[in-house]
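Reading through the structure tokens given below for one structure.
Here, each number is a calculation from the coordinates, and none is a lab measurement. Every value quoted in this text rests on a predicted model; they were computed, and no experiment measured them. We place every Cβ from the backbone using ideal geometry, glycine too, and count neighbours over all the protein chains shown.
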Amino acid sequence: MTKAEKTLGSVANYVDERTGAAAWMKKNLTKVFPDHWSFMLGEVCLYSFVILLLSGTFLTFWFDPSQREVTYEGTYAPLQGLKMSAAYASTLHISFEVRGGLLMRQIHHWAAIIFMAAIVGHLLRVFFTGAFRKPREFNWILGVGLLTLGIVEGFLGYSLPDDLLSGTGIRIAEAIIQALPVVGSYLAFFAFGGAFPGESFIPRIFTVHVLLLPGAFLALITIHLMLVWYQKHTQFPGPGRTEKNVVGYPLMPTYMAKAGGFFFIVFGVIAFLSAVASINPIWLYGPYTPGQISAGSQPDWYMGWLDGLVRMAPPLETHAFGHTISWNILIPGLIVPGILFTGMALYPFIESWFTGDKREHHLLDRPRNAPNRTALGVMSLTFMMVSLINGGNDIIATHFSMTINQIMWGTRIGIFVLPPLAFIITKRLCLSLQRADRDLVLHGTETGRLLRLAHGEFVEVHAPISAEKAWTLTSHEQLPALELSETDSRGVRRPGGIKNKLRLRLSKAHAVAVPKVSADDLKEIEHH
Amino acid sequence: MSNEIEAIQDPGLPAHVHREADVDPIAEKRAERQVAILFAISALGTLLLIYSYVFVPQDLFIFVPVMGDQNAHQLGLGLGMAISLFFIGMGAIQWARTLMPDTEVVAHRHEFRSPENEREDFVKTVKERAGTAGLGRRSLIKKSLGAALGLSALTPLLLLRDLGPVPSKELEKTSWKSGTRLVTDPGNRPILASDLEVGAVAQVLPAIAEGTERALSDIGKDAVLLIRLRPSDFQLTPEKFAMTHDGIIAFSKICSHMGCAVALYEQQTKHLLCPCHQSTFDVTRGAKVIFGPAARPLPQLDITIDSEGYLIARAPFSEPVGPSFWERNSQ
């Protein structure tokens, strides 16, 4: 036994005698993780969150979350002698005087942008592959919660420096709060400690940003990961992969080295972006004052869709009985996002309701094999993209020599027309891809070799595909649509007829598929 | 469903294919060297980081092709850190890919549902335990507990009350009073009508007493935009026209939609545009909304000149400025 082994042994012994961890560790060190590039998206979320914690802690050592007015006397000449909040002045201090401070600010901001992008990417992967199905509905809801928290946390974060751009963002947030019927102006006054902007908001959101929400994040992420661990990861269908097993690499050492290494890669890429691509140069914006603004005011990308919805809203307000209701704020700012996020959170339950499928699923769907779900996803994505484009309408207008009016009307119409169109196109594409799969299994791949038959006809020789590939293309199940009669056994119309009708229609739409290759098909082919 | 006979059978896991480094000792050595080189590059990155931190002055700018002038200190720190971290990751992954076991392992899943007898036992236990507490029987305790818990939930709401004052009429008031002089922002200088040429724009605020500070929350309501047109350019009602002075018209600069500063004035079209959500207001028609989500025109300030010829407000705003709120009476 070498010396290192001895030391390790005695450490393990010490820990095990106090915790009994050996049995658990032995089992879990060989835990199997399936491998697929798309499974890295969730890892990127986790790692950028860790990077956010590290870089954020660094920033708090110098950041002064106060709206107390100070006169800037730092090294950045253009702002010297200007009055500004201590928050803005300390952000300038971090950027210009603390060595590595600007780099850390950039890393923190880039990590936030990538964190949100990875969450959205991870969410799309989970949605399009059906990974949210039983038993993973809880984790889906936790994910939607984390996405929502991320949007709020990101917004609060870029609001902290109190520069002209972020102050404008807070102004808009205040207007949304103020627009709430009955309680709006009260809530706004409580949140801001009086009239906007006041001197309380930055210190308050600082506490929320560095303590409350990160705490919530940590709790939710912990549960999210524990569930992944306990329920074991899903896997894509393929030879040897079934609903009853999980095929992949053991945690120690392969997965550990890959995942651990990947953390450093994510960190390295974020550091690289921060070194070469400057974002949020707050010193160019100047300190916040409600009387000023700069053209091209843009939120971070994950708020862009919300801003785009607000921009395209029609100018609707109700004035009645001495009260005002701002539909132009409430509909795009609260009602539509509320419906979207609630619908997203509930989707796993809605799908299992209309498919009637209550079984566990550990094998992922290839997106083409669930055309209706895939089309729904692309439809939602299109809705978001149209909103996002309108969120940048001023930038697009100046870059592509268009008028704001063209883009605004384009998106106002597009938001109703394009999502359904995307649904139809996607569904058809999925079915075409299914048909292509079917052809591939029945007739094999094209070899490019032409053959002239005895009677002069030219044919291309097809080579059969491998047994593995054939299995991958045909192993999915095709559930038939639900069959519910509208009347019960005694011929009486069931209660909730409309609900049943809706369920049947959804179920039927969901079950549309190109029949996969059956034994009969193969037999028929052999006769040719 | 899955009982139906599949046309094509599962061929099972494909056979494991050995990598070069598994069978060839030379390839194995090569892979080992590659990993070591990657880790060495990372160490060089850390050296670059240290060098930039200690020796490169914070105000040194260098020319970098494609990127243009760059701060050498920032770039050195950033690239050093990026290289240092990235290549640790690359090394670890190369190690895993070439030298660590790559045989796929199969583990079995279990159904999450507990066995039937366990589930029954669970229900029985819960019923028993709940029964011993008498939850079902003691309705007095249940009701009083519910009431107590409900009431105690008011505590945090109550304690948060002092976060801010109630709005009262605060949202409806500005600092503009009858006779308040319009002063430049920045500068706080009073303005003569002749200071503004036709086509000019100026941001103004109400005059404040010498030596007093302006609170941001006041600017958030008081900011006014002055625009001078030819009087014949206006298409206003007689009342609104009377609020202008010799072609000078004054609007609240705070957007009636969400409170951003309506700062973009287009001289050709005489339109005001809010950069936040592109609400567009026609100055000649009293800041009427001609495009975008804003539902109300910008409130107009009634202006005139005092005995010395300086612009003053004849009256305060006749309606609240800024975004809408529930108590706003727009009639």
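A Cβ-based charge dipole, computed about the Cα centre of the range A:31-363 with Lys and Arg at +1 and Asp and Glu at -1, lands at about 1000 debye.
Pairs of Cα atoms in the range B:173-313 fall into 5 Å distance bins, from 0 up to the last occupied one, in shares of 2, 10, 22, 23, 21, 14, 6, 2, 0 percent. Within the range A:248-310, all pairs of alpha-carbon atoms sorted by distance into 10 Å bins from zero give the percentages 15, 25, 25, 19, 11, 5.
Neighbouring Cβ atoms from other chains, within 10 Å of the Cβ of residues in A:29-35, number 2 on average.
Contact order for the range B:173-313, expressed relative to its length and based on alpha carbon pairs under 8 Å spaced 6+ residues apart, stands at 24 percent. Stokes-Einstein D for the range B:61-134 at 25 °C, 0.890 mPa s, Kirkwood Rh over Cα pairs, in µm²/s? Diffusion coefficient, whole number: 127 µm²/s.
What FRET efficiency, computed as 1/(1 + (r/R0)^6) with R0 = 30 Å and r the Cβ-Cβ distance, is obtained for A:F349 and A:I395, rounded to the nearest 0.05? Efficiency computed from Cβ-Cβ geometry: 0.15. When the square roots of the Cα gyration tensor eigenvalues are ordered a ≥ b ≥ c, the ratio a/c for the protein assembly as shown is 1.5 or more and a/b exceeds b/c, which makes its shape prolate.
Charges at C-beta only: +1 for Lys and Arg, -1 for Asp and Glu. How large is the resulting dipole of the protein assembly as shown about its Cα centre, in Debye rounded to 20? Charge dipole of the protein assembly as shown: 2220 debye, to the nearest 20. Rounded to the nearest whole angstrom, the semi-axes of the ellipsoid equivalent to the range A:413-528, taken from the Cα gyration tensor as √(5λ), stand at 41, 21, 12, largest first.
Between A:I335 and B:N329, the simple label model (points 7 Å from Cα in the Cβ direction) yields a spacing of 2.7 nm. The range B:58-79 and the range A:272-313 have their alpha-carbon centroids 24 Å apart.
Could the peptides A:141-150, B:132-141 be put in order, highest first, of the mean number of other beta-carbon atoms found within 10 Å of their residues? Could the numbers behind the result be given before it?
On the way: A:141-150: 18.9, B:132-141: 10.4.
The densest-packed peptide leads the list: A:141-150, B:132-141.
Only Lys, Arg, Asp and Glu carry charge here, each on its Cβ (+1 for the first two, -1 for the last two); on that basis chain B has a dipole of about 1360 debye about its Cα centre.
List the DSSP H helices in chain B whose Cα atoms stretch 20 Å or more along the helix axis and whose mean Kyte-Doolittle hydropathy is at least 0.0. Numbers along the way, then the final one.
Numbers: long enough: B:25-55 (44 Å, 0.96); B:72-98 (37 Å, 0.97); B:116-133 (26 Å, -1.38).
Qualifying helices: B:25-55, B:72-98.
Projecting the Cα atoms of A:L473, A:A513, A:N500 onto the dipole axis of the range A:431-528, where Lys and Arg carry +1 and Asp and Glu carry -1 at the beta carbon, places A:N500 farthest toward the positive end. Gyration tensor analysis over the Cα atoms of the range A:1-79 returns equivalent ellipsoid semi-axes of 47, 22, 13 Å (largest first, whole Å).
Using R₀ = 35 Å, calculate the FRET efficiency as 1/(1 + (r/R₀)^6) where r is the Cβ-Cβ separation of B:S152 and A:T57; round to 0.05.
Details: r = 35 Å, r/R0 = 1.01.
The computed FRET efficiency comes out at 0.50.
The convex hull defined by the C-alpha atoms of the range A:128-220 has an orientation-averaged projected area of 8.0 nm².
The tail of the calculated P(r) for the range A:31-363 beyond 29 Å holds 47 percent of all Cα-Cα pairs. Spin-label pair A:E457-A:R68: with each label point 7 Å from Cα along the Cα-Cβ axis, the two points sit 9.1 nm from one another.
Inter-chain neighbour count for A:308-317: the average number of beta-carbon atoms from partner chains within 10 Å of each residue's beta-carbon is 5.
Since only A:I407, B:T284, B:A133 are under comparison, the one whose Cα sits farthest along the positive direction of the charge dipole of the protein assembly as shown, derived from C-beta charges on Lys, Arg, Asp and Glu, is B:A133.
Each semi-axis of the equivalent ellipsoid for the range A:347-402 is √(5λ) with λ an eigenvalue of the Cα gyration tensor; in descending order they amount to 37, 11, 8 Å. Pairwise Cα distances in the range B:20-98 exceed 20 Å for 47 percent of all pairs.
Is the shape of the range A:235-358 rounded, prolate or oblate, going by the alpha carbon gyration tensor and its root eigenvalues a ≥ b ≥ c, with a/c under 1.5 for rounded and a/b larger than b/c for prolate? Judged from the Cα gyration tensor, the range A:235-358 comes out oblate (a/c at least 1.5, b/c at or above a/b). Please work out whether chain B counts as rounded, prolate or oblate from its C-alpha gyration tensor, where a ≥ b ≥ c are the square roots of the eigenvalues and a/c under 1.5 means rounded, while otherwise a/b larger than b/c means prolate and anything else oblate? The shape class here is oblate.
Near the amide H of A:G444, within less than 5 Å, lie the amide hydrogens of A:I465, all on another chain or at least 5 residues away, with H placed in the peptide plane. Computed on chain B, with alpha-carbon pairs under 8 angstrom and 6+ residues apart, the relative contact order is 12 percent.
Rounded to the nearest 5, what % of DSSP beta bridges with both residues in the range A:31-363 are antiparallel? Please list the in-between numbers first.
Working: 10 of 11 bridges.
Given both bridge residues lie in the range A:31-363, the antiparallel proportion sits at roughly 90 percent.
Each of A:I525 and A:Y14 was given a label point 7 Å from its Cα along the Cα-to-Cβ line. The distance between the two points is 6.4 nm. Averaged over residues, the count of other Cβ atoms within 10 Å places the peptides A:62-70, A:173-181, A:359-367 in the sequence A:173-181, A:359-367, A:62-70, highest first. Listed cross-link partners A:K27/A:K258; A:K3/A:K27; A:K6/A:K26; A:K244/A:K508 are compared with a 22 Å cut-off, the Cα-Cα value being larger for A:K3/A:K27; A:K244/A:K508.
Placing unit charges on the Cβ atoms of the charged side chains and taking the dipole of the protein assembly as shown about its Cα centre, the candidate lying farthest along the positive direction among A:T222, A:P287, A:L306 is A:T222.
As a check on your grasp of the helix formula, calculate [θ] at 222 nm for the protein assembly as shown: sum -39500 (n - 2.57) over DSSP H runs of n ≥ 4, divide by the residue count, round to the nearest 500. Mind dumping the intermediate values first?
Numbers: 29 runs with 432 residues, N = 859.
Only helices count here, giving -16500 deg cm²/dmol.
Please compute the contact order of the range B:20-98 in relative form: average sequence separation of alpha-carbon pairs under 8 Å and at least six residues apart, divided by the residue count, as a percent. Relative contact order here is 40 percent. The protection proxy used here, the mean number of other Cβ atoms lying within 10 Å of each residue, ranks peptides A:209-217, A:453-461 as follows, highest first: A:209-217, A:453-461.
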